[in-house]
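Beneath this line is the structure, given in C-alpha cells, with notes to follow.
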Amino acid sequence: MSSILKVTGLTQVFGGLVALSDINMTVEQGEILGVIGPNGAGKTTFFNALTGIIPPTRGKIELMGEDITGIKPHIISSKGFARTFQNIRLFKKMTVLDNVMVGLHNKTHASLLASLLKTRSVRKEEAESEKKALEILQLLDLDDFRYELAGSLPYGLQRRLEIARALATDPLILLLDEPAAGMNEQETEDLLGIIQKLKELGYTIIIIEHDMKFIMNICERLYVFNHGAKIAEGTPEEIKKNAAVIEAYLGKES
Amino acid sequence: MFIQQLINGITIGCNYALVAIGFTMVFGVLRLVNLANGSIFALGAFFTLIIYTAMQGHFLLSLLCAILATAFVGVMVDRLALYRLRKKGAARVSGMITTLAIATIIDNAVIILFGSQTRPFKRPKDFGNILIGDAVVGKLQIYILLSILAIVLILSYLIYKTKLGKSMLATAQDPEAAMLMGISVNRIISLTFAISAALACFAGSMIGLYYQAIDVTLGTSIGMKTFAAAVLGGVGSIPGAFVGGIVVGVIETFVAVYLSSGLRDAIAFFILIVVLLIKPAGIFGKKVVEKV
Amino acid sequence: MHRRFIGFLALKQKFIILLLLVFAIVLPFTIKNQYIFRLAILSLQWIFLTQSLNLLAGVLGQISLGHIAFYGIGAYTCTILAKNYDFPTWAAWLAAIAVSALFGFALALPTLRLSGYYLTIVTLGFGEIIRLIEINWVSLTRGPLGILNIPKPEFFGYQIKSNIQFYFLMLIILVLSTVLLCRLVNSRTGRAIVATREDSIAAEAMGINIFKYKTMVFVIAAAMAGLCGAFFAQYTNYIDPTSFKSDQSTLLIIMALLGGMGSQIGPFIGAIVLTILPEMIRELMEYRMLLYGVVLLLIMQVRPDGLMGGVNLRYVRQKLLFEKERSKKTAEKGAEAEL
C-alpha cells in the first residue's frame, strides 16, 4: 500500500503554549481515519496546520511524497487537501450551487479578461462546471436546494453543503471537522450513509468527531489526541481497550 | 529652538492624547471605530466658545458647562443611534458607518449654526511667558500640560483602581460575562461615551485657546490624527493612546518646523500607514488571532 | 411587497433594462434646460463612480472611506497631461486610468497583512494624504486655486463639447461598465471575490488566492474612479481640491449604501436619488450634506444593507424559474395520476 499522507514531528506552539507536540501520522489511500480526543486536545489545530491556515512551528507534512509544510492555504488546497469547518463557514449569501462552484475554482481556468469578453471557451467552461457542481449536489442529495442561499439552509444541510463544496476541489484527502456536531439522529444517520458512499467512491477521509458511536462505526483506524499529543492509535477495538485512552476520557481513577 | 518646539509638540500631542484615549476607550468597550470623535471634538470647542462669549468672563465655568453638554451629546449619540443597532446585533461595520453619519450631521450642523469660517477664540487673559533655558514657553502651555496630566492621572485611577473602572475593563473583555456578573453594560457604555466626549471637549477647548482660533475642519483632521495616535499605540490600549498622541504631536510639530508646514497634516497618516504595515497591532497592542 | 417587486424585477429584467435604455437615449433630446442637462450628466457620472465603490465595498466587502481620492488622481492626471503636455484625449484618459490603478494597487498591498477596520482606516488616511498633496503640491496642481480651462475631450478628430455629446459619452461608458460588471460578478472571478468577502478563510481553503482577488478589485475599482475623474475634469472645465474632499467619499458611501451594497442595481438607485433629491428641494441646498448625514443614519437604522442590499437578481431569477418548473412538473404528475 502507498501512503498518501505522511506527517512527521508536527508541533504547534502558540506563544509558549504547546498546542500540538510531535505528531506523526501516515494515511493510506482510500482509508477512513478518525481523530478523537477531549476538548482542547489539538484536533482542529492539527487540521489548521495540515491545511496551512496556521502553519506549524515545526515538523513536516508530505502529501504524495511532496513537502507541503508551511505553504499558503490556497496552494495546499490545489495540492489536494479539502476541509470542512467545525463552525460552519459557508459563503452564506451565495447559492448552494455557487458555493460548490467556488470549490471548483482551481479546476477551472477562465481568466478575468476572458470572462469579461464571455468567450466561447468561458461559456463552455461555465456550463461544464455547473454540470459538475450539480453532480456533486446530487451525490449529496442537495440538488433540490441548488438555488437557495447557503445561509438559509437548515443546519444539517449546511454541514452537508460544506462537504459538497470540499468535494468540488477534487481532493486527495478530505478533512471533516466534527461533521455530525449539532445534528439530530436522522441527520447523523444520513451523514453516515454519505460517508459510506464517499468511501465506496474511493475517497480518503480524516474525520474529527466527538460522537463515539459515529466514529467507531465508520473509521478503520483511530488516532487519539490529548493535550496536543498523540496518546494512542489503532483500530476501534484496540482503542476501546486502551488504558491511556480510557484515562484521558474518564480521568485518573483514584 | 529644539526644546521650545519639543514643548510645543508635547502641548499639541497631549491634546491629541486625550482625544485618542476617548477613541480607544470606546473601541475597547464596543469594538467600534468611532468616526464621529473628531466632530465631537470640534463641537465641544464651539460649545465652550459660545458659552464663554455668552457668559462674558468665567472661562472655567463655561468650560465645565461645555464639557457637560458635550458629554450629553456623546451619550445621546449612543442612545439614539448606536444602541438600537447593538440590540439588533447588526454587523460592526454598520456601527462604524453610523458614526460616519453622525460625524456628517454634527459637522454640518456646526457649519449651519456657526458658519464654516475660522472663528477667533479669545483667551480670558494674556497668560504671559516664562523662560526655560533659552526656550520661551507660554504659561498657558504649562497650564494645559498640567491639567491634562491631572486628567489622565485621575482617569487612570478611575479605570484601574475603582470598581466602576473594573466593570468597564470587564465589559471590554467580555460584555456577556460582564452582564452575567451583574454589571449594567448599557450604563458602562453610556459612561464610556460620556467620558470620551468630555475628553474631546476639553482637548478641543484647549486647542482653541492655544491657537486662539477654531474651525470645523479642525475636527476632521484631529479625528484622523487621533486614529493615527490610537493605532500607533495599539487600539484599545489607554497608555498606548496617550503615548501615541504625544508622539504624533511632536513629530508633526518637528515636520512643520524643519521640513514643510504643508506636510504637517499629512505626516500623521504616513505614520499611521507605516505603523499598520509594520506592526498592525501598534506598540502596546496584542495580536488577535481569528478562531477557526 | 418588497419581495414581489424584486421577483418582478428579476423575471422582467431584460424588458426593464430595454425600457430604461430607451428612456436614457430619448431623455437628452427632451431636455431644454442647461441646468437639468448638467444634472443628468452628473447623475450618470455618479452612478459610474458608485459602481466602482460598490465593487470594492459591496462585492469584495472592503469599505473604503477614501475612494474619492482615485477620482481626484484621475482628474488631475488627465488635466495635467492634456493641458500642460498636450496629450491626446485617449492617451490622457489611459494615463488617468493607469495612474489611479497604480495607486489602487499600492493601497491593496496592506491587505496582505490587514483586514477589516484597520484597512478602512488606511483608506481614510490615504484619501487625506492625496487631498493634502493636491492642495500643497502647488507647482503641479496650482493648489487651492485649481486648474481652469481644461481642454475638451477629442477622440480621433471628433471633439466632445456640447452637453448632449458629454451625456452620450458617459452613457456609453456606463452601459459598458454595467455589462462588464455583471459579467464579472457572475464569473469564476466574481465567485472568488464574493467568496472572499463572505469568508476569507474558507475561500482560501477552497483554493482561492484571496490576496490576488483583493488586489484585482482594488485595481479595477481605482481604475474606474480614475476614468470617471478624467471625464469629470474635461466636462466641468475646472478642478480644485474641494471636489475631492472626504465628504465626497462619504457621499459616495451613502449612495452605495442607499441603493444596496453588492447589488448591481443599487448604484443606479442610490446615485440618482441622491443627486436629484437635494436639487428638487432647492430650499434645502444649504442643508444638503446634513440631509445626507440624516439619510445615512436612517438607512443604518432601518435597512443596514440598503434598499437592494444582498439582492442578487440572477439568484432570484434562477430560484423563481426553478420553482415554476418544479411546480409544473408536479402538476403534470398530478394530472397523470388522476388519469
Completion exercise
Descending packing, highest mean Cβ count within 10 Å first, for C:305-312, C:61-68 is C:61-68, C:305-312
Completion exercise
For C:287, C:213, the accessible-area ranking with a 1.4 Å probe, largest leading, is C:287, C:213
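Add +1 for every Lys or Arg and -1 for every Asp or Glu among the other residues with Cβ under 9 Å from the Cβ of residue C:61, and state the total.
Combined, the nearby Lys, Arg, Asp and Glu give 0.
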Practice task
Send over a whole-number figure in Å² for the accessible area per residue of chain B, probe 1.4 Å.
Solution key: 44 Å²
Problem - Nearby lysines by direct alpha-carbon distance to residue C:161 (threshold 25 angstrom, same-chain neighbours under 8 apart not counted) - result: C:32, C:83, C:152
Fill in the blank from the handout: From highest to lowest solvent-accessible area (probe 1.4 Å; ligands, DNA and RNA excluded), A:148, A:135, C:128 read A:135, A:148, C:128
Problem - Nearest-10 value in Å² for the accessible area of residue C:15, using the 1.4 Å probe - result: 120 Å²
Practice task
Using R₀ = 35 Å, calculate the FRET efficiency as 1/(1 + (r/R₀)^6) where r is the Cβ-Cβ separation of residue B:3 and residue B:156; round to 0.05.
Solution key: 0.80
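Given a Förster distance of 35 angstrom, what is the FRET efficiency for residue C:14 paired with residue C:298, based on the Cβ-Cβ distance and rounded to 0.05?
With a Förster radius of 35 Å, E is 0.60.
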Practice task
Would you mind telling me the share, in percent, of accessible area of the protein assembly as shown contributed by carbon and sulfur at probe 1.4 angstrom?
Solution key: 63 percent
Fill in the blank from the handout: Over 30 Å (Cα to Cα) among A:6/A:241; A:60/C:212; A:132/C:329; A:93/A:131; A:124/C:214; A:197/C:212 -> A:197/C:212
Practice task
Can you tell me the dipole magnitude for segment C:38-328 around its Cα centre, using point charges on the Cβ only (Lys, Arg +1; Asp, Glu -1), in Debye to the nearest 20?
Solution key: 760 debye
Completion exercise
In deg cm²/dmol, rounded to the nearest 500, the helical mean residue ellipticity at 222 nm of chain C, built from -39500 (n - 2.57) for every DSSP H run of length 4 or more, is -24500 deg cm²/dmol
Handout entry: DSSP-defined antiparallel bridges as percent of all bridges, the protein assembly as shown, nearest 5
Key = 65 percent
Completion exercise
With the 8 Å Cα cutoff and a minimum separation of six or more residues, segment B:2-224 has a relative contact order in percent of 44 percent
Problem - Between segment C:157-196 and segment C:33-106, the alpha-carbon center distance in angstrom - result: 12 Å
Exercise for the section: Enter the accessible area of residue C:235 (Å², nearest 10), with the probe set to 1.4 Å and all protein chains included. Expected result: 20 Å²
Problem - J(HN,Hα) series, segment B:134-149, from Karplus relation 6.51 cos²θ - 1.76 cosθ + 1.60, nearest Hz, glycine and proline x - result: 9, 8, 8, 10, x, 4, 4, 4, 4, 4, 4, 4, 5, 5, 5, 4
Completion exercise
Helix C:116-136 sits off the longest principal axis of the Cα atoms of chain C, rounded to the nearest 10 on a 0 to 90 degree scale, by 30 degrees
Practice task
List, in order, the whole-Hz ³J(HN,Hα) value for each residue of segment A:185-198 obtained from phi through the Karplus relation with A = 6.51, B = -1.76, C = 1.60 and θ = phi - 60°; use x for Gly and Pro.
Solution key: 4, 4, 5, 4, 4, 4, 4, 4, x, 5, 5, 4, 4, 5
Handout entry: Share antiparallel - DSSP beta bridges, chain A, percent rounded to 5
Key = 55 percent
Handout entry: Long-range amide H partners of residue A:4 with built H, under 5 Å
Key = A:27, A:28, A:29
Exercise for the section: State the Cα centre-to-centre distance between segment A:2-72 and segment B:244-260 in whole Å. Expected result: 49 Å
Problem - Test item: A:69-77 mean partner chain Cβ contacts at 10 Å - result: 4
Fill in the blank from the handout: Amide H proximity to residue C:264 below 5 Å, modelled H, separation 5+ or other chain, gives C:313
Practice task
Relative to the longest principal axis of the C-alpha atoms of chain C, give the angle of the C-alpha long axis of helix C:68-84, reported between 0 and 90° and rounded to the nearest 10°.
Solution key: 40 degrees
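At a probe of 1.4 Å, how much accessible area disappears from chains A and C on forming the pair, both sides counted, to the nearest 100 Å²?
Its buried surface, counting both partners, is about 3300 Å².
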Exercise for the section: Using a Förster distance of 51 angstrom, determine the FRET efficiency expected from the C-beta separation of residue B:113 and residue A:17, and round it to 0.05. Expected result: 0.35
Handout entry: Spatial separation of Cα centroids for segment C:217-253 and segment B:1-44, in angstrom
Key = 30 Å
Completion exercise
Within 10 Å of the Cβ of an average residue in A:91-97, the count of other chain Cβ atoms is 5
Problem - Karplus (6.51, -1.76, 1.60) ³J(HN,Hα), θ = phi - 60°, over segment A:120-125, in Hz, Gly and Pro reported as x - result: 4, 5, 5, 4, 5, 4
Exercise for the section: For residue A:59, list long-range residues whose amide hydrogen, built 1.01 Å from N in the peptide plane, is under 5 Å from its own amide hydrogen. Expected result: A:11
Fill in the blank from the handout: Sorted list, accessible surface of protein heavy atoms, 1.4 Å probe, largest first, for B:264, B:84, B:187 is B:187, B:84, B:264
Fill in the blank from the handout: chain C: relative contact order from alpha carbon pairs under 8 Å, six or more residues apart, as a whole percent, is 30 percent
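The values are calculated or read from the model by the stated rules, or taken from the named source; none is laboratory data. All values reported here derive from a predicted model rather than from experimental measurement. All Cβ positions, even for glycine, are placed from backbone atoms using ideal geometry, and neighbour counts span all protein chains on display. The area values use the complete protein model at the heavy-atom level, side chains included, leaving out ligands, DNA and RNA. Shrake-Rupley method; radii C 1.70, N 1.55, O 1.52, S 1.80 Å.
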